[in-house]
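For reference, the structure discussed in these notes is given below.
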Amino acid sequence: MTSTAVVTGAGRGIGFALASQLSDNGYRVVLTDVDGESAERAAAEIGNGAVGLEQDVRDMASHRSVAAEAARLGPLTRWVNNAGILFSGDAWTHGDDQVAAILDVNVRGVMAGCSAAVNAMEGGGAILNIASISALGPVPGLALYAATKAAVLSYTTSLEGDLRHAGRPIRVRALCPDVVGTAMVSSQQKEPGAALLFSGPKPLQEDDVARAGIDLLEQKHQIFRVVPRWRGALVRTIDLAPSLGLGSLALMRKVGDHRQAHA
């Protein structure tokens, strides 16, 4: 019987690219999105029995429902927690609703997805959490987003330890890409707080990030991966000396400001 895979936030962007590649690899894919019509259109485009479902990942019980539907279609062996949101600006300027929303989507949604996946993967499998390079160090202007992605990375490595301790045949991995050319990023083009998003090299392509994620899912020992790897090494050097690193980031932010102004 064909194994099934779930990808959240798969109506477009990285999620859609991941779902497409999982389908190409022989999985029957269940795509979820807060916009149910987008999920259905994406599933129809992929074909191969793909199913699109409306899901608000903030609803923790919804993950169990999605897992049950995927398991009904075939053995659930792959799950990707991709859904996420981003707010930019000085950390103290975000309202209560924004703080609650980004924590609910980016952190609680990932935790609930992982829990549902682990409990539904009767014969074992692999889980991929989409984190970010921002999980590795300070990101002025994107403090909320960076904090949630750091939480995702920490949760992933800790969950992997729990699964190993319990002897469960399930891997959990975290992908930490640099800036990707998604609609979520382009929507921040005129937001001053998002300058660091536009300060570096050309954004990564969604399909390239998805390929890295699919490869990581199959890795036996590597728990997380930064894409591209050289950017991960650079960010880690900044994090070793935060005071000096923040100075470098201030210069990069000016570069981003200039690019935004002339976009």
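Tell me which residues, restricted to the stretch 95-109, are touching a residue at least 24 places away in the same chain (Cβ under 8 Å) and either over 30 Å from PRO169 (Cβ atoms) or open to solvent by 10 Å² or more (accessible area, probe 1.4 Å) (or both). Selection gives GLN98, VAL99, ALA101, ILE102, LEU103, ASP104, VAL105, VAL107, ARG108. For the stretch 150-159, what are the residues that are open to solvent by 10 Å² or more (accessible area, probe 1.4 Å) and touching a residue at least 60 places away in the same chain (Cβ under 8 Å)? Answer for the stretch 150-159, where residues must be open to solvent by 10 Å² or more (accessible area, probe 1.4 Å) and touching a residue at least 60 places away in the same chain (Cβ under 8 Å): LEU153, THR157.
Taking the stretch 35-45 as the region of interest, how many residues are crowded, with 18+ Cβ neighbours inside 10 Å and within 25 Å of ALA212 (Cβ to Cβ)?
Selection size over the stretch 35-45: 4.
Just one of the listed residues (ALA147, ALA120) is crowded, with 16+ Cβ neighbours inside 10 Å and farther than 26 Å from GLU206 by Cβ, namely ALA120. In the stretch 20-34 there is no residue that is in contact with a Pro (Cβ under 9 Å, 6 or more places away or on another chain) and at pLDDT 95 or above. Note on the stretch 212-263: among residues that are basic (Lys, Arg) and touching an Asp or Glu at 6+ places or on another chain (Cβ under 9 Å), the one that is modelled with the lowest pLDDT is ARG231.
Of the helices (runs of 4 or more DSSP H) that lie entirely inside the stretch 1-101, those containing 3 or more residues that are in contact with a helix residue (DSSP H, G or I) (Cβ under 7 Å, 6 or more places away or on another chain) and of a type outside the set (A, V, I, L, M, F, W, C) span 13-24.
Among the residues of the stretch 65-84, is any more than 20 Å from ILE170 (Cα to Cα) and buried (at least 18 other Cβ atoms within 10 Å of the Cβ)? Yes, some residue in the stretch 65-84 is more than 20 Å from ILE170 (Cα to Cα) and buried (at least 18 other Cβ atoms within 10 Å of the Cβ).
In the stretch 170-220, what residues are within 24 Å of GLY123 (Cα to Cα), assigned to a strand (DSSP E or B) and either among the hydrophobic types (A, V, I, L, M, F, W, C) or open to solvent by 60 Å² or more (accessible area, probe 1.4 Å) (or both)? Can you show your working first?
Step one: list which residues in the stretch 170-220 are within 24 Å of GLY123 (Cα to Cα), which gives 170-175, 213-220.
When the remaining residues are screened for being assigned to a strand (DSSP E or B), the result is 170-175.
Those that are within 24 Å of GLY123 (Cα to Cα), assigned to a strand (DSSP E or B) and either among the hydrophobic types (A, V, I, L, M, F, W, C) or open to solvent by 60 Å² or more (accessible area, probe 1.4 Å) (or both): ILE170, VAL172, ALA174, LEU175.
The values are calculated or read from the model by the stated rules, or taken from the named source; none is laboratory data. Keep in mind it's a predicted model, so treat the numbers as computed, not measured. Ideal geometry is used to build each Cβ from the backbone, glycine not excepted, and the neighbour counts take in all protein chains shown. Side chains included, ligands, DNA and RNA excluded: accessible areas come from the protein's heavy atoms. Shrake-Rupley method; radii C 1.70, N 1.55, O 1.52, S 1.80 Å.
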